[in-house]
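Structure record follows, encoded as structure tokens.
A short reminder: the numbers here are calculations on the coordinates, not readings from a lab. Computed from a prediction, not measured in an experiment: that's the story for all the values here. Using ideal geometry, Cβ is built from the backbone for each residue, glycine included, and neighbour counts are taken over all protein chains shown.
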Amino acid sequence: MTRLYAILAALVIALGLGAIYVMTLGRGGDDQFAQCREGQVAGGPGSIGGPFELVNAQGETVTDKDVITKPSLIYFGYTFCPDVCPLDTARNAEAVDMLEESGHMVTPVFISIDPDRDTPEAVGDFAANLHERMIGLTGSPEQVNEASRAYKTYYKAQDKSDDYYLVDHSTFTYLVLPEHGFVEFFKRDDSAAEIAERTACFIDAM
């Protein structure tokens, strides 16, 4: 029994140290963005993001290298979304305009998680109506799933026998830098001004 307690104690300590490491990751050491980080990611920033292959509004297959050529705010949603997606992406577009006014060029990106309905034309129109520089992306179910998995997003369509079915999905916005990949995420309750301020911090620290 004493040996069991010792093993359990060692495990608790190891887990505690791991938690401390995660919580302190990005707040010191060699992290050039330490002063900008607010969100914490289990496994570190490198555990989110990565390569993807999708289809743009012109029907062309593009990769993350084609899309993320400037600092980018990436949001996963769908064009039939009745309220959440339009509000979130409009807020992101507002943040992009604020950043541009301060001399920071950022690309807003919208990735559909509803490939059955979201054609290239649909995502293109949705993106263009929100911001002239927003990039709308869709793809095959497999391509969309791979992109979603890379960013660890969640989505699940409801009963598709209804043409107006809804899709449950996560609502984070991801800040991705061309040479660094994913660096930060923003929540629904973050304002456009907060997103702009924190994004500018990362860009200035590049």
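List the GluC sites (Glu not before Pro) within the range 32-80 that DSSP assigns to loop and that have no more than 11 neighbouring Cβ atoms inside 10 Å.
Glu60
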(message) Can you give the log10 of the normalised intensity I(q)/I(0) at q = 0.11, 0.12, 0.15 Å⁻¹, computed with Debye over equal Cα scatterers of the range 59-161?
(response) -0.32, -0.38, -0.59
(request) Within 10 Å, count the other beta carbons around each residue, average over each peptide in 162-170, 106-114, and list them highest first. (result) 106-114, 162-170
(request) Could you tell me whether the range 96-206 comes out rounded, prolate or oblate from its Cα gyration tensor? Rule is a ≥ b ≥ c as square roots of the eigenvalues, rounded for a/c under 1.5, then prolate if a/b exceeds b/c, otherwise oblate. (result) prolate
(request) Find which of Pro51, Tyr75, Ala128 sits farthest along the positive direction of the dipole of the chain, computed with +1 on the beta-carbon of Lys and Arg, -1 on that of Asp and Glu, about the Cα centre. (result) Pro51
(request) Run through the DSSP bridge list for the range 38-141 and note the antiparallel percent, rounded to the nearest 5. (result) 35
(message) Relative contact order of the chain, please, whole-number percent, based on alpha carbon pairs below 8 angstrom and at least 6 residues apart.
(response) 25
(message) For the pair Thr63/Asp159, report the inter-label distance in nm, with labels modelled 7 Å from Cα in the Cβ direction.
(response) 4.3
(request) List the trypsin sites (Lys or Arg not before Pro) within the range 111-206 that fall in a DSSP loop (any state other than H, G, I, E or B) and whose Cβ has at most 13 other Cβ atoms within 10 Å. (result) Lys160, Lys187, Arg188
(request) Could you pull out the trypsin sites (Lys or Arg not before Pro) across the range 24-95 that fall in loop regions by DSSP (anything but H, G, I, E, B) with no more than 13 other Cβ atoms inside 10 Å? (result) Arg27
(message) Given contacts defined as C-alpha pairs under 8 Å and at least six residues apart, what's the relative contact order of the range 118-206, whole-number percent?
(response) 13
(message) Based on alpha-carbon atoms only, what is the radius of gyration of the range 70-124 relative to the globular estimate 2.2 N^0.38 Å?
(response) 1.21
(request) Report, in whole Å, the centroid distance computed from the Cα atoms of the range 109-146 and the range 29-56. (result) 22
(request) Return one number: the angle in degrees, 0 to 90 and rounded to the nearest 10, between the long axis of the Cα atoms of helix 192-204 and the longest principal axis of the Cα atoms of the chain. (result) 70
(request) Quick one: compute a quarter of the convex hull surface over the Cα atoms of the chain and quote it in nm². (result) 14.3
(request) Would you mind checking the tilt of helix 2-24 against the longest principal axis of the Cα atoms of the chain, expressed as 0 to 90 degrees and rounded to 10? (result) 40
